[in-house]
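Q: Here it is, the structure, as structure tokens.
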Amino acid sequence: EMQRVPASPQERFQGASQLKLSDKESEALGASFPEEDADILPTGEVYVSHKHVRLRLNSVLGRGQWALLPGGPYTKEEIGDRRRVLQREYDLYVRGHFVASSVGEAEYWEGNDRSSWATTAESLKSNALTRACKDLGIAAECWDKHWTEPWKKKWAVRVWVKGGRDD
């Protein structure tokens, strides 16, 4: 069944800042993830994947107690000859209350047989979820230099690559 995008700002942001969480739920949502659950992008940003974020939402709030709904249409940005970026805004709701809005993005590479617009759309939805969950304090350690720098020293290897697309 298709989910309807709310028609007006009043409807879209219904229940904003009115969500009531127990102390136990608040603490569990904001608990740090085990170090091994974190990963790193080639650009150096540390993140926790959507899989762990979804598991956290389901285990703390319960299945069906949260939803990520489209907040706008897809947009495409073309970068160079073959690279395309698909973007879309999503709204996170918990127990019927608006919690956060974020824009997800994902790359689509023209000519890549393992990619499709559908796969790209699913990827950007997961990207939007991890971004929206920052407002609930989920994986907040990823934006804390005092956590990420020691994590990088323990788990990451810095390499310098010359050549390729952008030297």
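The values are calculated or read from the model by the stated rules, or taken from the named source; none is laboratory data. Just so it is clear, the structure is predicted and the values come from calculations on it, not from any experiment. So basically every Cβ, Gly included, is an ideal-geometry build from the backbone, and we count neighbours across all protein chains shown. Side chains are part of the model used for accessible areas, which takes the heavy atoms of the whole protein and leaves out ligands, DNA and RNA. Shrake-Rupley method; radii C 1.70, N 1.55, O 1.52, S 1.80 Å.
Q: Restricting to region 16-47, name every residue that is among the aliphatic types (A, V, I, L, M), touching a strand residue (DSSP E or B) at 6+ places or on another chain (Cβ under 7 Å) and closer than 28 Å to LYS152 by Cβ.
A: Let us first name the residues in region 16-47 that are among the aliphatic types (A, V, I, L, M), namely 16, 19, 21, 28-29, 31, 38, 40-41, 46.
If we keep only those that are touching a strand residue (DSSP E or B) at 6+ places or on another chain (Cβ under 7 Å) too, we end up with 16, 19, 38, 40-41, 46.
Within region 16-47, ALA38, ILE40, LEU41, VAL46 qualify.
Q: Taking VAL161 and the conditions (1) open to solvent by 80 Å² or more (accessible area, probe 1.4 Å); (2) touching a Phe, Trp or Tyr at 6+ places or on another chain (Cβ under 8 Å), which numbered condition does it fall short on, given that it satisfies the others?
A: That leaves (2) as the condition not met.
Q: Here's a follow-up. Scan region 64-83 residue by residue and report those that are open to solvent by 40 Å² or more (accessible area, probe 1.4 Å) and closer than 17 Å to PHE98 by Cα.
A: So the first thing to find is which residues in region 64-83 are open to solvent by 40 Å² or more (accessible area, probe 1.4 Å), and the list is 64-66, 73-83.
Of everything in region 64-83, those that are open to solvent by 40 Å² or more (accessible area, probe 1.4 Å) and closer than 17 Å to PHE98 by Cα turn out to be GLY64, GLN65, TRP66.
Q: Output yes when any residue across region 93-100 is touching a Gly at 6+ places or on another chain (Cβ under 6 Å), surrounded by 11 or more Cβ atoms within 10 Å (Cβ to Cβ), of a type outside the set (Val, Ile, Thr) and not in a loop (DSSP other than H, G, I, E, B), and no when none is.
A: Yes, because at least one residue in region 93-100 is touching a Gly at 6+ places or on another chain (Cβ under 6 Å), surrounded by 11 or more Cβ atoms within 10 Å (Cβ to Cβ), of a type outside the set (Val, Ile, Thr) and not in a loop (DSSP other than H, G, I, E, B).
Q: Can you find even one residue in region 61-82 that is touching a residue at least 12 places away in the same chain (Cβ under 8 Å) and in contact with a Cys (Cβ under 6 Å, 6 or more places away or on another chain)?
A: Checked region 61-82: no residue is touching a residue at least 12 places away in the same chain (Cβ under 8 Å) and in contact with a Cys (Cβ under 6 Å, 6 or more places away or on another chain).
Results for (1) polar (S, T, N, Q); (2) touching a residue at least 24 places away in the same chain (Cβ under 8 Å); (3) closer than 30 Å to LEU92 by Cα, shown as yes or no for each residue.
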{"position": "ALA118", "(1), (2), (3)": "no, no, yes"}
{"position": "LEU124", "(1), (2), (3)": "no, yes, yes"}
{"position": "LEU136", "(1), (2), (3)": "no, yes, yes"}
{"position": "GLU141", "(1), (2), (3)": "no, yes, yes"}
{"position": "GLU149", "(1), (2), (3)": "no, no, yes"}
{"position": "LYS153", "(1), (2), (3)": "no, no, no"}
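Q: In region 29-76, what residues are of a type outside the set (Gly, Ala, Ser), in a loop (DSSP other than H, G, I, E, B), over 17 Å from the mean Cα position of the chain (by Cα) and under 30 Å from PRO9 (Cα atoms)?
A: Within region 29-76, ARG63, GLN65, PRO73 meet the criteria.
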